[in-house]
1. Give me the distance between the Cα centres of the stretch 228-258 and the stretch 118-132, rounded to whole Å.
2. Contact order normalised by length for the stretch 94-176, with contacts defined as Cα pairs under 8 Å and 6 or more residues apart; what percent is it?
3. When a footprinting reagent is the concern and you count Cβ atoms within 10 Å, what order do I95, I139 take, fewest first?
4. Translational diffusion coefficient, Stokes-Einstein: compute it for the stretch 3-299 using the Kirkwood radius over C-alpha pairs as Rh, at 37 °C and 0.692 mPa s, and state it as an integer in µm² s⁻¹.
5. Bin width 5 Å, alpha-carbon pairs only: give the P(r) of the stretch 226-300 as whole percents, running from 0 to the bin holding the largest distance.
6. Evaluate the relative contact order of the chain (contact order divided by residue number), counting alpha-carbon pairs under 8 angstrom at least 6 apart; express in whole percent.
7. Note down the magnitude of the dipole of the stretch 34-116 about its Cα centre, charges +1 on Lys and Arg C-beta and -1 on Asp and Glu C-beta and zero elsewhere, to the nearest 20 debye.
8. Given the options A245, V284, L263, identify the residue whose Cα lies farthest towards the positive end of the charge dipole of the stretch 243-305 (+1 on Cβ of Lys, Arg; -1 on Cβ of Asp, Glu).
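No lab work stands behind these numbers, since they all come straight from the coordinates. Here the structure is a predicted model, which means the values were calculated and not measured. Because the Cβ atoms are built from the backbone with ideal geometry, glycine has one as well, and the counts that use them run over all protein chains shown.
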Amino acid sequence: MEVLVVGSANADLVVGVERRPGAGETVLGTDLAVHPGGKGANQAVAAARLGAVTALLARVGDDAHGALLRESLREAGADTDGVLGGPTPTGVALITVDPSGDNSIVVAPGANARLAPDDVVAARALLSRAAVVSTQLEIPLETVVELARRLPPECRLVLNPSPPAALPPEVLRACDPLVVNEHEARFLLGASGGRAGSGSVEEAAWAAALLELGPRSVVVTLGARGALVASREGSEWVPSPAVRAVDTTGAGDAFTAALAWRLARGEELVTAARFAVRVGAVAVTREGAQRSFPTFDEVGGVAKG
């Protein structure tokens, strides 16, 4: 197996709005659309659609939303043996998308909150076969800690700390890379994070400060500007192709999945990030999360392999 994703699986309930409401305000939106989502399921589908041999370790409910997620994973070609069912309802994400493509998301964790350290222990066979494990923080932090402890020696951990939370040193030390956006970087760095910069100097300082926290490498995603890749050897900005964004939902998951896959295939981090920014750029040109994820052939213009 190339990529094992350990994370959340949600039903995305999406409404388009002209503008997001303020406190106490009601606005009208479009008809409700229901899509398979959740950062874990998104990354598993994105990796599988690109061609990675992929499995997902997650929990869903024994309900219609859980069935929707299993079917989406199977259609993409991901292994669902690690998708565990139960009586707790499947997690739900409530998403509003404005005309610029920006989104706001509220997540009801549901079954995701029941993905326990014991589930990681029981999944030792899946772990032993993975070249890269990708995880996020829409599952309990103690489960991520257990994952870091049980990571096989030759397996690489890719962590996107979303939603952001304080990370134990043993988790940070296992990250290779830690993948953060602006908001996540500022959270982890606290007051030293500062404001978003217009150039690479400030973000290079962010990356250097994040490296001081313990991860082996860091990737700071910069939206339309691409990504900044950093390790002890230095940092490099990787630009993104210019596209017209329609919906940014799931774009970060598409990026992280692509990055994990190329790392699993043995590419250097910068080379993998060059591929990943192209995948993320394609994803934002389409509506939805999983249905926006491209195949390898649809990315176009990337290094062969």
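1. If we compute the Cα centre of each part, the gap is 28 Å.
2. Working: 98 pairs, mean separation 21.4, N = 83.
Worked out over the stretch 94-176, it gives 26 percent.
3. Details: I95 24, I139 30.
Taking fewest neighbouring Cβ atoms as first place, the list is I95, I139.
4. 174
5. Percent of Cα pairs in each bin: 3, 19, 26, 26, 15, 7, 3, 1.
6. The normalised contact order for the chain reaches 17 percent.
7. In total the dipole reaches around 180 debye.
8. With unit charges placed on the Cβ atoms, the residue in question is L263.
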